[in-house]
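Down below is the structure, laid out as structure tokens.
The values are calculated or read from the model by the stated rules, or taken from the named source; none is laboratory data. Given the structure is predicted, the values throughout are model-derived calculations rather than measurements. Positions of Cβ are generated from backbone atoms using ideal geometry, with glycine treated the same way; all protein chains shown enter the neighbour counts. Side chains are part of the model used for accessible areas, which takes the heavy atoms of the whole protein and leaves out ligands, DNA and RNA. Shrake-Rupley method; radii C 1.70, N 1.55, O 1.52, S 1.80 Å.
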Amino acid sequence: MFLPRIQTMGRQIMRKKCETNEIGLGKRKFLPPALFHLIFAAFLTFLPFFSGFFSPELLSAEPAACSVCGRRIKGGETYYTASGKIYCSKKCFETTFPKCTVCGKKSEKGFRNESGAFFCSRECLSSSWNKCAGCGKRAQSGLIVGGEDGKFFCPDCAQKPRCFACGMPFDCEKIEDGRLICPHCQESAVTDFNEFLEILNNTRKLMREKLQIQTEHEITFRLVDRPTLDKITPGSGSQDELGAFKFEKMTEKVVLHTGATLFSGPTKKTIEENVSISRKIFILSHLPKKKLIEVCAHELAHDWMQEFFPHINRLKTKEGWAEFVAWRINSIVGSEDLNRRIEQNLHPDYGDGFRMMKQIYTKSGFKGVLRFIEEENRKESPNK
Ligand SMILES: [Zn+2]
Ligand SMILES: [Zn+2]
Ligand SMILES: [Zn+2]
Ligand SMILES: [Zn+2]
Ligand SMILES: [Zn+2]
């Protein structure tokens, strides 16, 4: 938070009149006229002796010259002193004033902020303040929402309820399930199933073409409201889920009675048979298009991991991978701004998991990440 300290500045200036009548001998502290005349008369008397090696400047202990332009103050002339310095005119004195950081005007009085910048007026000072992303007013203090490079909000706007999608305290509107959405997110909010499906298929295609992450099987997709998603992801805790991937393997147990004899009785043999596998992706409605792409990439990454590395159970690996894929897709589609949330997430599975993947990616590339996943799968495999 930035809170400039306001300081009024200004130096004491005094207007004085040069009391001597003698041109060229102006002094700041003037001798009493009688004594001055006596010395001057003596000087004139001895002038022939001194001429050539004695100049009037030497006689005058403090020559009254302007500290800006160097001009001598003439007898009877008005001059100014401030902080022990002499100025021949107001104009010369004004050149020593600090320059306003905003309008460039030199001013005697004004304000300095914490970093020492000078402002000539309250208007110039306030124009240096942050502009509220909500109401547009400039405010001396406020709140930055959305991490390090988030948006600035004035104290009034910072108190407003937050948008479910971007988390910003803009003027939100309520949707059917009670969620609040801001006008910016509302602009591209996806509520139509066909539009959702098109975005999802495009994301799947991007993952296949750019990252070679693909699955061929059928996935059921559903666009749901908050209560429905909460029922699907119980106990997700503080993290407000925006989507979910559900994998269900329906198996049927077949019991065979074989080898019945008179002595041992029938022997039971149980065989497990896969009957059906269902894969479902649930995504929250009203997500802005850019955010929807990110959430689709995240859930599709779960589907891919389940298909090829089914033994991985560690949440940090699962969520770290899904966030890493979403992060890559965000970069590919030019939504780098959404990546700040992923990078700055403090969650031990989502945030730490992502940073773990990114570290491997930075060091050993995408192949390194795949090798790591393969190894994790092997370690968690029941028949390794
Ligand atoms: Zn001057
Ligand atoms: Zn100014
Ligand atoms: Zn505001
Ligand atoms: Zn929003
Ligand atoms: Zn996930």
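Filtering the range 118-139 down to residues that are within 16 Å of ligand 3 (Cβ to nearest atom) and not small (Gly, Ala, Ser), which residue is nearest to residue 190 (Cα to Cα)?
So, considering only residues that are within 16 Å of ligand 3 (Cβ to nearest atom) and not small (Gly, Ala, Ser), the one nearest to residue 190 (Cα to Cα) is 135.
May I ask you to list pairs of residues, at least six apart or on different chains, whose Cβ atoms are under 6 Å apart, with the first in the range 109-132 being farther than 15 Å from residue 99 by Cα and the second being exposed (fewer than 14 other Cβ atoms within 10 Å of the Cβ)?
Hits for this filter: 114/5.
Which of the residues that make up the range 182-201 are away from ligand 3 (no atom under 16 Å from the Cβ), out of contact with any Pro (no Cβ under 9 Å at 6 or more places or on another chain) and in contact (Cβ under 8 Å) with a residue 12 or more places away in the chain? Please lay out each step first, then the result.
Applying the first criterion (away from ligand 3 (no atom under 16 Å from the Cβ)) to the range 182-201 yields 185-201.
After this cut, where a residue has to be out of contact with any Pro (no Cβ under 9 Å at 6 or more places or on another chain) as well, the list is 191-201.
Of everything in the range 182-201, those that are away from ligand 3 (no atom under 16 Å from the Cβ), out of contact with any Pro (no Cβ under 9 Å at 6 or more places or on another chain) and in contact (Cβ under 8 Å) with a residue 12 or more places away in the chain turn out to be 191, 193, 196, 197, 199, 200.
Give 366, 354, 324, 308 a once-over and let me know the one that is assigned by TED's automatic domain parsing to the domain that holds residue 242, of a type in the set (Phe, Trp, Tyr) and open to solvent by 60 Å² or more (accessible area, probe 1.4 Å). First the steps, then the outcome.
Working: 366 fails: open to solvent by 60 Å² or more (accessible area, probe 1.4 Å); 354 fails: open to solvent by 60 Å² or more (accessible area, probe 1.4 Å); 324 fails: open to solvent by 60 Å² or more (accessible area, probe 1.4 Å).
Just a single option satisfies the conditions, and that option is 308.
Looking only at residues in the range 163-181 that are away from ligand 3 (no atom under 14 Å from the Cβ) and charged (D, E, K, R), which one is farthest from residue 241 (Cα to Cα)?
Per the criteria, the residue is 173.
Return yes when residue 160 is charged (D, E, K, R) and within 16 Å of ligand 4 (Cβ to nearest atom) and no when it is not.
On the way: charged (D, E, K, R): yes; within 16 Å of ligand 4 (Cβ to nearest atom): yes.
So residue 160 fits the description; yes.
Kindly provide the set of residues from the range 327-345 that are surrounded by fewer than 18 Cβ atoms within 10 Å (Cβ to Cβ) and charged (D, E, K, R), ordered by number.
336, 337, 340, 343 - these are the residues of the range 327-345 that are surrounded by fewer than 18 Cβ atoms within 10 Å (Cβ to Cβ) and charged (D, E, K, R).
Checking the condition under 30 Å from residue 190 (Cα atoms) and within 16 Å of ligand 3 (Cβ to nearest atom), which residue from 146, 142 passes? Break it down stepwise before answering.
Values: 142 fails: under 30 Å from residue 190 (Cα atoms).
After ruling out the rest, the residue left standing is 146.
On the basis of being in contact with a Ser or Thr (Cβ under 6 Å, 6 or more places away or on another chain) and either away from ligand 5 (no atom under 16 Å from the Cβ) or not in a strand (DSSP E or B) (or both), does residue 168 make the cut?
On the way: in contact with a Ser or Thr (Cβ under 6 Å, 6 or more places away or on another chain): no; either away from ligand 5 (no atom under 16 Å from the Cβ) or not in a strand (DSSP E or B) (or both): yes.
No.
Quick one: how many residues across the range 111-124 are part of a loop (DSSP other than H, G, I, E, B), modelled with pLDDT of 90 or more and either within 16 Å of ligand 1 (Cβ to nearest atom) or buried (at least 19 other Cβ atoms within 10 Å of the Cβ) (or both)?
1
Counting just the residues of the range 102-112 that are in contact with a helix residue (DSSP H, G or I) (Cβ under 7 Å, 6 or more places away or on another chain) and closer than 23 Å to residue 83 by Cβ, which one comes out nearest to ligand 4 (Cβ to nearest atom)?
Per the stated criteria, the residue is 111.
Just to verify a result, which residue in the range 301-335, among those that are of a type in the set (Gly, Ala, Ser) and more than 16 Å from residue 281 (Cβ to Cβ), is nearest to ligand 5 (Cβ to nearest atom)?
If we take residues in the range 301-335 being of a type in the set (Gly, Ala, Ser) and more than 16 Å from residue 281 (Cβ to Cβ), then 320 is nearest to ligand 5 (Cβ to nearest atom).
Is the range 241-254 home to any residue that is modelled with pLDDT of 95 or more and surrounded by fewer than 21 Cβ atoms within 10 Å (Cβ to Cβ)? Spell out how you get there, then give the answer.
Let us first name the residues in the range 241-254 that are modelled with pLDDT of 95 or more, namely none.
No, that holds for no residue.
Can you run down the residue pairs with Cβ atoms below 7 Å, 6 or more apart or on separate chains, where the first is in the range 82-100 and on the phi > 0 side of the Ramachandran plot and open to solvent by less than 70 Å² (accessible area, probe 1.4 Å) and the partner is within 8 Å of ligand 1 (Cβ to nearest atom) and not hydroxyl-bearing (Ser, Thr, Tyr)?
none
I need a count of the residues in the range 156-179 that are open to solvent by 30 Å² or more (accessible area, probe 1.4 Å) and within 24 Å of residue 337 (Cα to Cα). Please lay out each step first, then the result.
Narrowing the range 156-179 to residues open to solvent by 30 Å² or more (accessible area, probe 1.4 Å): 156, 159-162, 164, 166, 171-174, 176-178.
Now restrict to residues that are within 24 Å of residue 337 (Cα to Cα): 159-162, 164, 166, 171-173.
Selection size over the range 156-179: 9.
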